[in-house]
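Everything below concerns the one structure shown next.
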Amino acid sequence: MLKTLKILRMTLLAAVVGSLSGCNDPHIYGSVGISSGYGGYGGYGRHGGWNSGISTSISVGGRIH
Amino acid sequence: MRLKHCFCMLALSVGLAACSTTPIDLPAVSAAGQADALPGKIIWHDLISDTPQETRAFYSGLFNWDFSPLDSLAGNYTLISHDGNYIGGMVDESRLGSSEDISQWVVVIAVTDVTAATAALTAAGGKVFTEPTSLGARGEIAVVADPQGALLALLQTNGEDPADTQDVAANSFLWNELWTENVDAAATFYQRIAPYTVKSFSLISPAGPVPYRVMSAQGRARAGIRSNPVPGMSPTWQSYLSVDSLEQLESVIARVPALGGTVLMPATKRPEGGYVAVIAGPSGAGIALQTWPVEMPTQASFEYGEQ
């Protein structure tokens with residue numbers, strides 16, 4: 001009986017510890033970086049397409065009025 | 001025996017309480033009682049950064065922006081303000097568990113019904129990363145991507161979006177532009193989620209005509225769409241900050257490297273008037289800088305017209 005109660009107590013404590021370690025509210029942006037099938041969204045400053053000839057292309061656009 | 005029993009029950013109660021969902025409460029994007037619903041307007045910008053401390057120093061050094069961490073969203077949200085006005089938020093990417101670098105500015109578009117907008121987005125081929133989620137006083141938000149992959153968020157405020165103004169303060173958000181592959185498909189898509197009207201332009205540049213679309217709502221131009229000017233880069237929303245003059249623009253650009261950023265494109269004269277540059281902060285998230293206001297060019301070789 002005592003042994004059974006001890007096992008039950010340890011089981012309960014393990015369950016509490018386990019639940020605490022998993023208690024992280026998901027961030028609204030948390031799913032963006034872990035979705036498969038999509039290329040990297042960000043860090044485009046590190047993208048290699050920014051060559052010297054890009055200025056003419058990018059200079060067109062922006063706010064006009 | 002009774003003491004041990006009580007201890008177990010207490011521990012279990014504490015554990016269950018800790019696991020309960022923590023309400024998110026972000027401040028509203030506009031003052032209560034002073035604004036109307038403006039669906040289609042880009043009303044907020046969030047910056048996802050894998051180098052938040054360096055990013056904070058970067059924008060503080062360039063534009064005197066202030067950064068105020070909040071306890072909300074598990075402590076992973078920082079409010080950005082300029083001249084006493086909140087203009088955006090910052091999220092620490094390293095605490096999101098991302099498997100890839102997603103550092104970027106995210107535009108937040110106002111919608112009147114985020115559940116309906118999300119459903120329409122899905123039906124039109126978009127992707128939902130975060131279903132409509134309450135942000136408390138701020139409203140309800142969904143984080144999504146359009147069919148061509150550009151990341152954005154949809155926000156339903158409590159019927160009050162930041163009011164339109166005539167002037168744009170220097171070093172604040174001036175414009176937002178979607179860089180995408182299929183311009184017309186994108187325009188059609190965004191009309192499914194917000195009440196946009198679309199005007200087509202053909203901007204003439206020395207390199208040839210560039211198709212451009214201006215999406216308007218409530219009689220105001222809200223955003224532009226153009227073909228992606230950077231070969232191979234994923235479609236993305238590009239935000240612009242205003243600067244007063246070419247002199248200020250060059251001054252800002254000169255300070256970028258020392259603050260840990262990168263000048264992607266130096267100050268370049270625009271066919272439509274004024275100057276534009278593109279920089280990236282320490283995280284790699286890019287942002288454009290444009291002089292404003294601009295005078296329309298009178299040279300015959302630079303033309304734009306309505307199609």
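Each reported figure results from applying straightforward, stated rules to the coordinates on display, with no laboratory input. Because the structure is predicted, anything quoted here is derived from the model rather than measured. Don't worry about glycine lacking a Cβ; one is built from the backbone with ideal geometry, like all the others, and counts go over all protein chains shown.
A few comments on the model shown:
- Candidate lysines for bridging to B:Lys41, where Cα separation is under 23 Å - those fewer than 8 sequence places away on the same chain excluded: B:Lys127, B:Lys199
- Taking a ≥ b ≥ c as the square roots of the eigenvalues of the alpha-carbon gyration tensor, chain B is classed prolate because a/c is 1.5 or more and a/b outweighs b/c.
- Normalising the average separation of contacting C-alpha pairs (under 8 angstrom, six or more residues apart) by the number of residues puts the relative contact order of region B:173-306 at 25 percent.
- Seen against the Cα atoms of chain B and their longest principal axis, helix B:183-193 is set at about 40 degrees.
- Shielding by partners, peptide B:205-213 (average Cβ within 10 angstrom, other chains): 3
- Cα gyration tensor shape of region B:146-211, rounded if a/c is under 1.5, else prolate or oblate by comparing a/b with b/c: oblate
- Gained length - B:Val168 relative to B:Ser60, 0.36 nm times residue gap less alpha-carbon distance: 37.0 nm
- Stokes-Einstein translational diffusion, region B:101-173 - Kirkwood Rh over all Cα pairs, 0.692 mPa s, 37 °C, in µm²/s: 246 µm²/s
- Euclidean distance of C-alpha centroids, region B:102-134 and region B:208-282, integer Å: 24 Å
- Cα gyration tensor category, rounded, prolate or oblate, for region B:153-307 with a/c compared to 1.5: rounded
- Counting every other Cβ atom within 10 Å of each residue's Cβ, B:Asp66, B:Asp146, B:Asp164 order from fewest to most as B:Asp164, B:Asp66, B:Asp146.
- Shielding by partners, peptide B:108-119 (average Cβ within 10 angstrom, other chains): 0
- Under 14 Å of direct C-alpha separation, and excluding same-chain neighbours fewer than eight residues apart, B:Lys269 reaches these aspartates and glutamates: B:Glu247, B:Glu250, B:Glu295.
- Relative contact order (%) - chain B, alpha-carbon pairs under 8 angstrom, separation at least six: 18 percent
- In order along region B:234-248, the Karplus-derived 3J(HN,Hα) couplings, from 6.51 cos²θ - 1.76 cosθ + 1.60 at θ = phi - 60°, round to 5, x, 7, 7, 10, 9, 10, 9, 8, 10, 6, 7, 4, 4, 5 Hz, and Gly and Pro are given as x.
- A:Thr4 paired with B:Asp71, simple spin-label distance in nm, labels 7 Å along Cα-to-beta-carbon: 4.5 nm
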